[in-house]
Number of protein chains: 2
Amino acid sequence: MPAYTAPVKDMQFVLHDTLGIAGSDIPGYADLDPAFTEAVLTEAGRLASEVLAPLNPVGDREGCRLENGVVRTPTGFAEAYKQLCEGGWTALDCDPAYGGQGLPYLMGTAVGEMLVGANMSLNMYQGLTHGAYSAIHVHGTDAQKSRYLPRLVSGAWTGTMNLTEPHCGTDLGMMRTRAEPQADGSYRITGQKIFISAGEHDMAENIIHLVLAKAPGGGEGTKGVSLFIVPKWLVNDDGTLGPRNGVTVGKVEHKMGIHGNATCVMNYDGATGYLLGGLHKGMRAMFTMMNEARIGVGVQGYAVAEAAYQSAATYARDRLQGRAVTGAANPAGPADPLIVHPDIRRSLMDQKSFVEGARALTFWGASLIDRASRLGDAQAEGLISLLTPVIKGFQTDKGFDACVAAQQVFGGHGYIEEWGMSQFARDARIAMIYEGANGVQALDLVGRKLAADGGKPIMAFFDLVKTFNRENAADPRMAGFTEPLKASSKDLQAAAMYFMENGMKSPNTALAGSTDFLHLMGHVCLGLMWGRMARAALAALDAGHPDRDFLESKLATGRYYMARQLPATALHLTRILSGEGPVMALKAEAF
Amino acid sequence: MPAYTAPVKDMQFVLHDTLGIAGSDIPGYADLDPAFTEAVLTEAGRLASEVLAPLNPVGDREGCRLENGVVRTPTGFAEAYKQLCEGGWTALDCDPAYGGQGLPYLMGTAVGEMLVGANMSLNMYQGLTHGAYSAIHVHGTDAQKSRYLPRLVSGAWTGTMNLTEPHCGTDLGMMRTRAEPQADGSYRITGQKIFISAGEHDMAENIIHLVLAKAPGGGEGTKGVSLFIVPKWLVNDDGTLGPRNGVTVGKVEHKMGIHGNATCVMNYDGATGYLLGGLHKGMRAMFTMMNEARIGVGVQGYAVAEAAYQSAATYARDRLQGRAVTGAANPAGPADPLIVHPDIRRSLMDQKSFVEGARALTFWGASLIDRASRLGDAQAEGLISLLTPVIKGFQTDKGFDACVAAQQVFGGHGYIEEWGMSQFARDARIAMIYEGANGVQALDLVGRKLAADGGKPIMAFFDLVKTFNRENAADPRMAGFTEPLKASSKDLQAAAMYFMENGMKSPNTALAGSTDFLHLMGHVCLGLMWGRMARAALAALDAGHPDRDFLESKLATGRYYMARQLPATALHLTRILSGEGPVMALKAEAF
């Protein structure tokens, strides 16, 4: 069974050496000194390793069962969820006005990585709750906030997001779920929603469903869509639970992975719902949840890969098989450990350099969210809006690849469920799909985010890269980072330029290259983060930091990324420049 | 549930237009005229589509159960296997002296692709039998051949290969299974073998296990290993079944996929075994099975991808979601089909261009096997020996990626087991692992095959590419194929040169680039095949072939591969040229 060790040291390096958060001007960051964040991360890590991780294979094996309308979660999940709540982990970055601890989003993200890495399925119950919390926090009335938020923050209630219907996922304009206005100001919601994570379960007193539906008068397509709060149990004015609402679970899906999370078909039969946000402004309100959820899924991408990598590295050090070609490394034993073999190291370095780079990118992104929300910084807002599809799409594609690579290190044992490596790959697979399949992320990036605000965010991103390269031009030790970063950034600019020149008259040109652009940009982002981490590691070494092994390894891992991963940008550019022709040539019936 | 349509037309194009098999000088090929091969493929395709494919999800869902020492295969498997045998499909390319039909290996490969695409798990029962047939056919005594071959050919008995033990897979020198010689010339075999595909089941009268074990006097490591025939039921001199042998199934593994195939732990407790081939020459005999099995696994790589691709293409044509950015393609409907979206097409083209290229490479490889075995052509023997790790490693890596891409086309539905796309990905995953994990294939290619016979095979391969480019230089319509092929072949030569220059003094330099070399060479192989197919398609068009749509699509698919897949060779070369430094930098404890 895989063990999980919280990567506290690496997180501390990103938070403090790389991002220098304690010196930031973002309100609340001054409290985040190294001792404090280490205490929080260590405590969360303990819960992750000792309570959540041992339940991960249990959740996979047992799954969720629908019995007489009630969903039974796997053995131990309810108790572990209770510990999550009691430890205050669900309230970490929530508003103190509603019982939250008021820590920055960044801290919630770091802790979230650990909870996901230890048990992705279990953490989803609280992850979706946080999304519902945010949507109500931003768009709710005072009455709605005081009614729902305290118990979403404490975890006594959980939340869901209901978008997809059997015939539409991405294209929500085709939605059929209806909301009929009632005399008392509420609505009657009728329709069927599918793929509802944590839609029904036995771990909380109530479930607050946020449901997209069409109310009369809004016009065609997504313009007619509104968002509604539909509690499983109606809530009385005094806060006690009233009668059961007209929402029932129709089915628990049989999925490739995340068996421990109940993915439900939800049937709304004239259920009572309350408008959240403006009438026919449902898409906007839903995107508050969606953007947060996309960052959360980007975390899943590398967090599960971190867990898989840890198991692979341990196995590679322990498993004796073959001899090093340069001479026996373990002459007293029957064979050398796998880790002597260059191809095993190549795979582990692929995984490690991705995971650590993605962690840095995600933490930086989370700090941009804090900067935007706590300082009202429009540039930070634009930048994280640009980076969100990259964090979601690139990190989940690469995270899945990393899990598959980690599984491969185990040879035949990797294919046997008992070893747990299959579960990592199967669980990680969903992150490429939900909250907008990665093709949709690429479309969002190329079709929307690149041109947003007159292209200011992407120009700001290029400026960041240029500034970084200029600032480090004088240090010859940084040449192995700045030179590849320059080259890859040039590829990204060439791709963006190509889209600008051709996209208007032939939009398919841009769309045919959208996934390659997403990956190209993902690599440049990780290249930038590796540059920053290298600079931080060199600074710490120069300052006489005692943990030289850690810092030297950090530099070596970064050099690996720059030498062997970042050059992928040239391939992505080549594909992009081949244009729409090869992609669009075939008639539909020729496929 | 996924449907499977046998790709008869595409196979015919490869066999006749591209490889021109009916005009070949290989004995037996003259009989393979287009009408004959079409009849065989159509009949096999019918069995695959109608009998095997519907059982594929059944096998996945039910799996194999161990009950009182007997393994129960999924509902319908035994009956379908019986149809496979009765139709003569197990005997297709076997020796007529033992009841086989004597067709070339190439035909067995083409038919095999269909059976695998329709139901990989079910076909494995006969696939492993074929491996046992070949080992006995090549290495057995006349008595052994007449005792075992007729019933392996008819499928009345099945076969297995027993290599792996709990503590050793790749490193067979550590093997613990022992063979003690008996007075009657037989051996008593004792030990445990794991990951034995089709190790026990309820579909055949007897199972002939081929078991690697150490007999006294052979020395250390693999030098002491011999191969033994260990029948589940001992066989009397008159051919009737005698007493049960001392081999039992200990466990059926719980795997990520291929649930319909029984992967067993086999316990040998003083079981009676008969030496196959020379004493202490077991590795050599086992490699007869192994090389064949590796080609068979390479077939699995693209055959399952073909099946997954078919489902994805159908879904993309049927599922209505969103509108084409260039204007509604289906204005009367609520939305356009997915296939209008460039990123969906990109994914489908990735899949299609891989599958068709891999089919051509595999069929060419199978024809080289026939040339080697039927004409004793040493150059063909050297070439297929070089290509075998590429066909196994590259095609299974890319085949898995293609299945994952096909699954992605389904969005959320791809993650739900009922749709069948998850099964394709889970089943295809094993092909990257078994019969030598792909890292071992890369090691075999770079460490052994490149330098084999003084480098003659790789030089012959480069000559083939050069000759092809020279022969097509005059046709401007071929420039889109020959130019990229030249560039990628140059990358491959540069990589080989780099290994030659550095590998002797620093073998880790070559090993650190081995997987990249495998992929680099895989791309060049597929580039060459696409060049050949393009030339064949142009020739057919020039000759007024009536099916212009098929041929134009073939050319367009090839152009896609050359424009968007083949350029990956430059990235692989860049990684290779970065040497061992980045890969080997970290201390083992730093992972």
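The values are calculated or read from the model by the stated rules, or taken from the named source; none is laboratory data. Just so it is clear, the structure is predicted and the values come from calculations on it, not from any experiment. Here Cβ is always computed from backbone atoms with ideal geometry, including for glycine, and neighbour counts include all displayed protein chains. Note: accessible area is taken over every heavy atom of the protein model, side chains too, but ligands, DNA and RNA are not part of it. Shrake-Rupley method; radii C 1.70, N 1.55, O 1.52, S 1.80 Å.
Quick notes on this structure:
- Residue list for region A:237-256, filter: surrounded by 12 or more Cβ atoms within 10 Å (Cβ to Cβ) and among the charged types (D, E, K, R): A:244, A:251, A:253, A:255
- Enumeration of residues in region B:303-314 that are more than 25 Å from residue B:160 (Cβ to Cβ) and open to solvent by less than 10 Å² (accessible area, probe 1.4 Å): B:305, B:307, B:308, B:312, B:313
- Residue that is buried (at least 18 other Cβ atoms within 10 Å of the Cβ), aliphatic (A, V, I, L, M) and in contact with a Cys (Cβ under 9 Å, 6 or more places away or on another chain), where the choices are B:44, B:53, B:80, B:91: B:91
- Of all residues in region A:226-277, those being farther than 30 Å from residue B:422 by Cα and part of a loop (DSSP other than H, G, I, E, B) number 9.
- From B:370, B:350, residue being in contact (Cβ under 8 Å) with a residue 60 or more places away in the chain, part of a helix (DSSP H, G or I) and within 11 Å of another protein chain (Cβ to nearest Cβ): B:350
- Set A:526, A:551: member being within 13 Å of chain B (Cβ to nearest Cβ) and in a helix (DSSP H, G or I): A:551
- Residue in region B:529-539 that is among the small types (Gly, Ala, Ser), in a helix (DSSP H, G or I) and either more than 23 Å from residue B:469 (Cα to Cα) or at the interface with another protein chain (Cβ under 7 Å from one of its Cβ atoms) (or both) present: no
- Region A:175-192 residues that are in contact (Cβ under 8 Å) with a residue 60 or more places away in the chain and on the phi > 0 side of the Ramachandran plot, paired with ones that are open to solvent by 20 Å² or more (accessible area, probe 1.4 Å) and assigned to a loop (DSSP other than H, G, I, E, B) (beta carbon under 7 Å, 6 or more apart): A:191/A:176
Condition check ((1) on the phi < 0 side of the Ramachandran plot; (2) of a type in the set (A, V, I, L, M, F, W, C); (3) in contact with a Ser or Thr (Cβ under 8 Å, 6 or more places away or on another chain)) across all residues:
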| site | (1), (2), (3) |
| --- | --- |
| A:377 | yes, no, no |
| A:381 | yes, no, no |
| A:404 | yes, yes, no |
| A:411 | no, no, yes |
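- All helices (runs of 4 or more DSSP H) inside region A:415-514 with 1 or more residues being more than 14 Å from chain B (Cβ to nearest Cβ) and open to solvent by 40 Å² or more (accessible area, probe 1.4 Å): A:456-471, A:479-502
- Where residue A:297 falls short, out of the listed (1) surrounded by 21 or more Cβ atoms within 10 Å (Cβ to Cβ); (2) of a type in the set (Val, Ile, Thr); (3) away from every other protein chain (no Cβ under 14 Å): (3)
- Candidates B:568, B:590, B:585 - the one that is within 30 Å of residue A:310 (Cβ to Cβ), open to solvent by 40 Å² or more (accessible area, probe 1.4 Å) and within 11 Å of another protein chain (Cβ to nearest Cβ): B:585
- Among (1) more than 26 Å from residue B:507 (Cβ to Cβ); (2) in a loop (DSSP other than H, G, I, E, B); (3) of a type outside the set (Ser, Thr, Tyr), the one test that residue A:303 misses: (2)
- Count - residues of region A:373-411 that are more than 12 Å from chain B (Cβ to nearest Cβ), among the aliphatic types (A, V, I, L, M) and more than 14 Å from residue A:104 (Cβ to Cβ): 7
- Counted residues, region B:131-155 - those being part of a loop (DSSP other than H, G, I, E, B) and open to solvent by 30 Å² or more (accessible area, probe 1.4 Å): 1
- Residue list for region A:156-187, filter: buried (at least 18 other Cβ atoms within 10 Å of the Cβ) and assigned to a strand (DSSP E or B): A:157, A:158, A:159, A:160, A:161, A:162, A:165, A:168, A:179, A:187
- Among the residues of region B:278-291, not a single one is within 14 Å of chain A (Cβ to nearest Cβ), in a helix (DSSP H, G or I) and open to solvent by 10 Å² or more (accessible area, probe 1.4 Å).
- Of all residues in region B:315-337 being open to solvent by 20 Å² or more (accessible area, probe 1.4 Å) and under 18 Å from residue B:421 (Cβ atoms), the one that is farthest from the chain's Cα centre (by Cα): B:337
- Note on region A:142-174: residues that are within 15 Å of residue A:230 (Cα to Cα) and of a type in the set (Val, Ile, Thr) total 2.
- Just one of the listed residues (B:128, B:103, B:66) is in a strand (DSSP E or B) and open to solvent by 20 Å² or more (accessible area, probe 1.4 Å), namely B:66.
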